[in-house]
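Inspection log for the structure reproduced underneath, given as structure tokens.
Just so it is clear, none of the values below were taken in a lab; they were calculated from the coordinates. The structure displayed is predicted, hence computed values, not measured ones. Cβ sites come from the backbone with ideal geometry, for glycine too, and all protein chains shown count toward neighbours.
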Amino acid sequence: MLVRFKGKFHCFTDLFSLYNFKSQYLYSTTTTPDPTRTRTRAPFMVKYLVDSLGFSKDEALLASSKVTSWKSVKNPDLVLNFLKQTGFDNTQIKKLVSVAPKLLFLDVSKTLKPKFQCLMDLGLSGSDLVNVMVKDATIVERGLVTHLRPTIDCLRRTLGCDENVVKAVKRASWLLSFGARHIMETNLLLLKNSGVPDVRIKKLVLRNPRCITQKNDWVKDLLHRVEKDFGIPLDSAMFPYGFHTLASQKKSRCEKKIGVFKSYGWSDDDVLTMFRKLPYCIAFSEVKIKKILNLYMKELGLEPDYLASHPSILIYSLEKRVLPRMQVLKFLDEKKLERRKLALYSVVSLAESKFIEYFVLPYKDQIPDLYEPLKKIVAP
């Protein structure tokens, strides 16, 4: 199809080519970044970080790449002075700025001072405050009145005191910047309405703060599994541990681990008995579970019901505790020496000092090789 343009016939493709050429010519100055500005801004920031905070050039280049604009050196100087007056040393300031260089360009009186004061009033200060900020620098970007204070109040109501809130925040700093605060509040209400006592909720949040930031349906499913599938009452002392153990792994992975126990002859009741007494046993890797069961069941001949009834025996280190103690008992028996006759569970669960008192010290003259390596442990 042809059209007339300035007295000549042109196809549409020629017309579009002319339009594109004019567009590039007319608007290139507004769409193409000014290379001079790009080149001059980075050296300014790099030099400032090197001179003021002792950054290396590479560190300064990396930090400056996170800042898109600034006006002058005045505001960064104000921020540095504020941080120093707050009690931060140069190392802490450098660490903070390297992660969040935008901090240097925030208003001190309107933004930084009120938010830092809020966190310090909570009980965060010095290295603790720096570490929390470094883990999640977006905290200072959240509104003080609209987010930070309401979030802290929510955690304070749940955990009972500022000290516990600080513990939770140090474990999961993103709690303070978590955007959907209503999800947190909804989950806490769900736990309470499901019959979980306040003291158990507090324990759960301190152990696993992430659980209250998940989708509501995820929390409902976990509550059902803990209570119905594993038989742990929601008001029991073991509830926080059971919930945390199941929350820390996918359901399919948990089922595979239970399958390992069953492959060694454990019944469903054995697994449930163990879980209700010590849920953490399901947190082990499949490899570790096999290693533990090989020792206790295949080498030492213990039955599933005994292990399920004494699950704490499963959590002790094989290399550092169980095997060395088994070697001591074996050595004494080979020498045909009289010793205390204790069940394996008692032997393994004894405090180190008691084990030495019962099975090493009485034989230090007869078997010095057994005693010599432990001298430092038993020395007054």
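Modelled label-to-label distance, K298 and W174, 7 Å Cα→beta-carbon offset: nm?
With each label point 7 Å from Cα toward Cβ, the separation is 4.0 nm.
Using a cut-off of 19 Å between alpha-carbon atoms, which aspartates and glutamates can reach K66, once sequence neighbours fewer than 8 places away in the same chain are excluded?
Straight-distance partners of K66: D34, D51, D58, D77, D107, D136, E141.
Along the charge dipole of region 93-238, pointing to its positive end and built from +1/-1 on Cβ of Lys, Arg, Asp and Glu, which listed residue (S109, V199, L124) has its Cα farthest out?
Going by the charge dipole, the pick is S109.
For the pair S353 and Q214, how long in nm is the line joining their label points, each one 7 Å along Cα→Cβ?
Between S353 and Q214, the label points sit 4.1 nm apart.
Post the alpha-carbon centroid distance, region 126-198 to region 265-288, in whole angstrom.
33 Å
Rounded, prolate or oblate: which fits region 58-190, taking a ≥ b ≥ c as square roots of the Cα gyration tensor eigenvalues, rounded meaning a/c under 1.5, else prolate when a/b beats b/c?
Taking the square roots of the gyration eigenvalues as a ≥ b ≥ c, region 58-190 is prolate.
Taking the Cβ of M184 as the center, what net charge do the other residues with Cβ under 12 Å away carry, scoring Lys and Arg +1 and Asp and Glu -1?
That sum, taken over residues with Cβ under 12 Å, equals +2.
Could you tell me whether region 160-281 comes out rounded, prolate or oblate from its Cα gyration tensor? Rule is a ≥ b ≥ c as square roots of the eigenvalues, rounded for a/c under 1.5, then prolate if a/b exceeds b/c, otherwise oblate.
prolate
Relative to the present Cα-Cα distance, how much length would full extension add between L323 and Q117 at 0.36 nm per residue of separation?
Between L323 and Q117, full extension yields an extra 68.9 nm.
Show me the ranking of peptides 336-344, 258-266, 105-113, 92-100 by mean Cβ neighbours inside 10 Å, starting with the highest.
So the order, starting with the most tightly packed, is 92-100, 258-266, 105-113, 336-344.
So how much slack lies between K228 and R149, counting 0.36 nm per residue of separation and subtracting their Cα-Cα distance, in nm?
Full-extension gain reported as 24.7 nm.
Assuming 0.36 nm per residue, please report the length gained on full extension of the stretch S194 to S125 beyond their Cα-Cα distance.
21.2 nm
For region 56-129, what D do you get in µm² per second when you plug the Kirkwood radius from alpha-carbon pairs into Stokes-Einstein at 20 °C and 1.002 mPa s?
165 µm²/s
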